[in-house]
Amino acid sequence: MERPTRTVLQEKGAVGTLRETAVSHIGFYVPDIEAAEAFYGRVLGLIRHEELTNGVRLGWGGGHHVIDLLEGPKGLAYYAFEVRDSNGLAGIRERLEAAGHAVRELEAGHITAPVGKPQGIAVLDPDGTEVHFHSQVQRQGENAADTGRRPIKFQHTTLGSGNVPRMVSFYTDTVGFRISDQLQDGNFCWLRSDRDHHTLAVVYTGKGGDIDHYSYDLAEWEDFKAWCDRLTELGVNVAWGPGRHGPGNNLFVFFDDPAGNHIELSAEMEKFHDDRVTYVPRRWEPIPNSVNLWGGQLPTWRKVSAS
């Protein structure tokens, strides 16, 4: 698919239906589970919750898990959202089925520490990756964070895709997300489903079915500074940043796990607190300074159309 030069991504259908839905967990195929588990424990404080048939499950002690590490060549196995909206899960199921998507029940093992009776569904997104939507879960481990030494939550997922408009349409028109920002050429879009500027983003990478990066939330600027020093102390090379994104206005720093997955630490993301305001998604120039306000430098894997 050729990259469009100017595309306005539209909102219609069920857009804005979800207002209390957040990222939940993510599953990766990694070639060396032992190395990946050790890295996530040493750097991000994630510990083993349980052993899986073909991997391990990690989290922050109590409550729902964060990552499944599965044996295999590097790749994205699935990603998930916790639906806290009233009747939100039933609405998503109804809209998916009405749009012709095959929906199946999510295995109970993917919903750990549920609040009440666990409920969940699984469906393939337009690029063929499995996505989970499930009912509310407990997150005691996130509430016990030492914010200078551990992120406070898994914040957002950014997918790589060969067709950004198709993926955005799936999440806005059918699932019920909203567009917060986009690049003018339609090759990068940031979507929200709660008060955070984005819980999901989609970027053009030429092919679909993989992760671009995923992000953890830090509490504030002081913790962000401490983490930049902490990465050095841990011998973790910074791949991009520190910087500040235009869309979302959040501070960021990137590094890689042993499998090569790009991890972002983010702080002070823009939030949408007034549901009574009509918001028109901003359209940023597709230049490096839009995705990094502090000078526009980019890593080798991050492309914008005019770079």
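Values quoted throughout were computed directly from the atomic coordinates according to the rules given, and no laboratory measurement underlies them. What you see is a predicted model; the values in this text were computed from it and never measured. Cβ: placed from backbone, ideal geometry, glycine included. Neighbour counts: every protein chain shown.
Given R0 = 35 Å, the distance between the Cβ atoms of residue 274 and residue 50 translates into a calculated FRET efficiency of 0.30.
Distance from the Cα centroid of region 278-298 to that of region 94-119 is 35 Å (rounded to whole angstrom). Here's how it looks for residue 156: its modeled amide H is under 5 Å from those of 215, which are all 5 or more places away or on a different chain. For region 85-96, the Karplus equation 6.51 cos²θ - 1.76 cosθ + 1.60, evaluated at θ = phi - 60°, returns couplings of 5, 4, 6, x, 5, 4, x, 4, 4, 4, 5, 4 Hz by residue, with Gly and Pro reported as x.
Quotient of the Cα radius of gyration of region 21-137 and 2.2 N^0.38 Å, N being its number of residues: 1.10. Among the lysines of the chain, pairs at least eight places apart or on separate chains and with Cα atoms under 28 Å apart come to 13. Using a simple spin-label model with pseudo-atoms 7 Å out from Cα toward Cβ, residue 236 and residue 300 lie 2.1 nm apart.
FRET efficiency for the pair residue 20 and residue 108, taken as 1/(1 + (r/R0)^6) with r the Cβ-Cβ distance and R0 = 22 Å, rounds to 0.45.
Identify the residues of region 146-178 with backbone N under 20 Å of a label point that sits 7 angstrom from the Cα of residue 98 along the Cα-to-Cβ direction, or state none. Only 167-178 fall inside the zone, counting backbone N under 20 Å.
Residues whose amide H comes within less than 5 Å of that of residue 250, counting only those at least five positions distant or on another chain, are 245, 270 (H built at 1.01 Å from N in the peptide plane). For the chain, averaging the sequence separation of C-alpha pairs within contact (under 8 Å, six or more residues apart) and dividing by the residue count gives a relative contact order of 18 percent.
Built from the Cα atoms of region 162-254, the convex hull projects on average onto 6.9 nm², one quarter of its surface area. For region 52-128, the list of GluC sites (Glu not before Pro) that fall in a loop by DSSP and count at most 14 other C-beta atoms within 10 angstrom reads 107. Annotation: amide H-H contacts under 5 Å for residue 132 (H modelled 1.01 Å from N, sequence separation of 5 or more, or interchain): 79, 80, 81. Rounded to whole Å, the principal axis extents of the Cα atoms in the chain read 48, 43, 39, largest first.
Annotation: the antiparallel percentage among DSSP beta bridges lying fully within the chain is about 70. For region 175-239, GluC sites (Glu not before Pro) meeting the loop criterion (DSSP other than H, G, I, E, B) and having at most 14 other Cβ atoms within 10 Å: 220. Shown in residue order for region 164-169 are the 3J(HN,Hα) couplings computed by the Karplus curve 6.51 cos²θ - 1.76 cosθ + 1.60 at θ = phi - 60°: 5, x, 5, 5, 5, 4 Hz (x for Gly and Pro). Evaluated with a Cβ-only charge set (Lys, Arg +1; Asp, Glu -1), the chain carries a dipole of roughly 660 debye about its Cα centre, given to the nearest 20. Derived scalar couplings between HN and Hα for region 15-27 equal 3, x, 5, 8, 10, 9, 10, 10, 5, 10, 8, 8, x Hz in order, rounded to whole Hz, by the Karplus curve 6.51 cos²θ - 1.76 cosθ + 1.60 (θ = phi - 60°), x for Gly and Pro.
Which loop trypsin sites (Lys or Arg not before Pro) in region 70-172, with loop taken from DSSP, have no more than 13 other Cβ atoms within 10 angstrom of their Cβ?
Listed in order of number, the matching sites are 149.
Among beta bridges from DSSP that stay inside region 21-137, the antiparallel ones total about 70%.
Counted residue by residue at 0.36 nm each, then reduced by the alpha carbon distance between them, the extension gain from residue 222 to residue 74 reaches 49.9 nm.
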